[in-house]
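Each remark here refers to the structure printed beneath this line.
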Amino acid sequence: MNYPSRVKIIDVGPRDGLQNEKQPVPTEVKLGLIQRLEDAGLKEIEVTSFVSPKWVPQMADNAQVMHGLRRKPGVRYSVLTPNMKGFEAAVAAPREEWPDEIVVFGAASEAFSQKNINCSIAESIERFAPVVAAAREKGIAVRGAMSCTVGCPYEGEIAPERVRMLAGLMKDIGVERVDVADTIGVGTPRKVQAALEATLAHFGVDHISGHFHDTYGQALANTLASLELGVWNFQSSSAGLGGCPYAKGATGNVATEDVVYLLQGMGIETGIDLDKLIDAGAYISEALGRKPASRAATAILNKRAA
């Protein structure tokens, strides 16, 4: 099997990982996590989202986070902007505080789209079109997050044709690359490969990333299945931050530490220092008052303690 020789990881912990935390996470703690991820060698970090603080209070300090970043050359900082209002807020600051990339999102499930953002898939794409155009006009890159690509909490299994349709809609409005997300973590390798193959109808393999949740313990298997198709971009969350709101008590995002441990064991280059990455996860976990959800981190921290 010819696997990619190098993989790039986008750590989504500061945004996707922290957004559902009940306790407030101080801005300086978020910035501390971002800085530690940079120091560990991460080249892409999803740092915050410009959404209504009414709906996502944890991200109310988005402008302060962008202002407080000590930007490292060669690192891409992305933010979620669900609508024009969010995008305008993201570029209201001086240019040096703008994100390098914005993220818009759509679901491959009609029911999920209605329940999550109160509109149909087609309407969501119409809403994002001017956001994408405005971002590209300002020289800001655009990524599209495609949720529920293998399963939905309301519709059940999602057909690959739905994923192909969504990828095509994203491509049509000017999205440059997409994330194929198993939002509820029900995917298994062949189902994930089917979703990726559907996406490949519209985007080249260099412009697709896998975003897997570990609800049923399948995230690393799904990562391996993606590598088999040549996919070399992945999203994960330091310390496994972020639960799965649709499966009570279940884990959410796969831990960056576990993905890096897998890749290093396969001889695949990531540019990431695993020990420093574990330190970053330990830092945010301590701030949240719990242990990292990463198995690799837990094993290595126990070894260190011994």
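What follows is calculated from the coordinates using simple rules that are stated; it is not laboratory data. Since the model is a prediction, treat every value here as computed from it, not as a measurement. Virtual Cβ from ideal backbone geometry, glycine too; neighbours counted across all protein chains shown.
Within a Cβ distance under 11 Å of VAL91, other residues only, what is the Lys/Arg minus Asp/Glu net charge?
In short, -1.
Where does the chain land at 222 nm, in deg cm²/dmol rounded to the nearest 500, when only DSSP H runs of n ≥ 4 count, each adding -39500 (n - 2.57), divided by all residues?
Taking each H run of at least 4 residues, the total per residue is -12000 deg cm²/dmol.
Can you tell me the length gained on complete extension of the stretch TYR154 to ALA129, counting 0.36 nm per residue apart and subtracting the Cα distance?
6.4 nm
At a 10 Å Cβ-Cβ cut-off, how would you order HIS207, HIS67, fewest neighbours first?
Taking fewest neighbouring Cβ atoms as first place, the list is HIS67, HIS207.
So for the pair ASP100, CYS119, with labels modelled 7 Å out along Cα→Cβ, what separation do we get in nm?
Each label point is offset 7 Å from its Cα along the Cβ direction, giving 2.9 nm.
Rg/Rh for region 183-306: what does it come to with C-alpha atoms and Rh from Kirkwood?
That ratio equals 0.99.
Determine, at each q value in 0.11, 0.20, 0.26 (inverse angstroms), the log₁₀ of I(q)/I(0) that the Debye formula gives when each Cα of region 162-247 is one equal point scatterer.
-0.28, -0.89, -1.30
Tell me the Kirkwood hydrodynamic radius of the chain in angstroms, computed as one over the mean inverse distance between distinct C-alpha pairs.
That comes to 19.1 Å for the chain.
Expected output is a single nm value to one decimal: the length gained when fully extending between ARG304 and SER5, i.e. 0.36 nm times separation in residues minus the C-alpha distance. What is it?
104.7 nm
About the Cα centre, and with charges only on the beta carbon of Lys, Arg (+1) and Asp, Glu (-1), how big is the dipole of region 11-77? Nearest 20 debye, please.
Here the size comes out at about 140 debye.
Want the number for ARG76 to GLU88: 0.36 nm per residue separation, take away the alpha-carbon distance, what's left?
2.4 nm
Please list, in chain and number order, the residues 5+ apart from ASP179 or on another chain whose amide H is under 5 Å from its amide H, with Hs placed from the backbone.
GLY144, ALA145, MET146, SER209
Roughly what % of Cα-Cα distances in region 3-73 sit above 15 Å, to the whole percent?
Roughly 53 percent, rounded to a whole number.
Report, ordered by chain and residue number, the aspartates and glutamates lying within cross-link reach of LYS276, taken as a straight Cα distance under 20 Å and ignoring same-chain residues fewer than 8 apart.
ASP11, GLU28, GLU38, ASP39, GLU44, GLU46, GLU257, ASP258, GLU286
Explain nothing, just compute: Karplus ³J(HN,Hα) = 6.51 cos²θ - 1.76 cosθ + 1.60, θ = phi - 60°, for every residue of region 60-71 in order, whole Hz, x for Gly and Pro.
5, 9, 3, 5, 5, 4, 5, 5, x, 4, 9, 4
Using a basic spin-label model with each label point 7 Å from the Cα along Cα→Cβ, how many nm lie between GLU137 and GLN264?
4.6 nm
Loop only per DSSP, at most 12 neighbouring Cβ atoms within 10 Å: give me the trypsin sites (Lys or Arg not before Pro) in region 33-68, ordered by residue number.
Of the trypsin sites (Lys or Arg not before Pro), the ones in loops of region 33-68 whose Cβ has at most 12 other Cβ atoms within 10 Å are LYS54.
Over region 8-305, what relative contact order in percent results from Cα pairs under 8 Å that are six or more residues apart?
Contact order relative to length: 18 percent.
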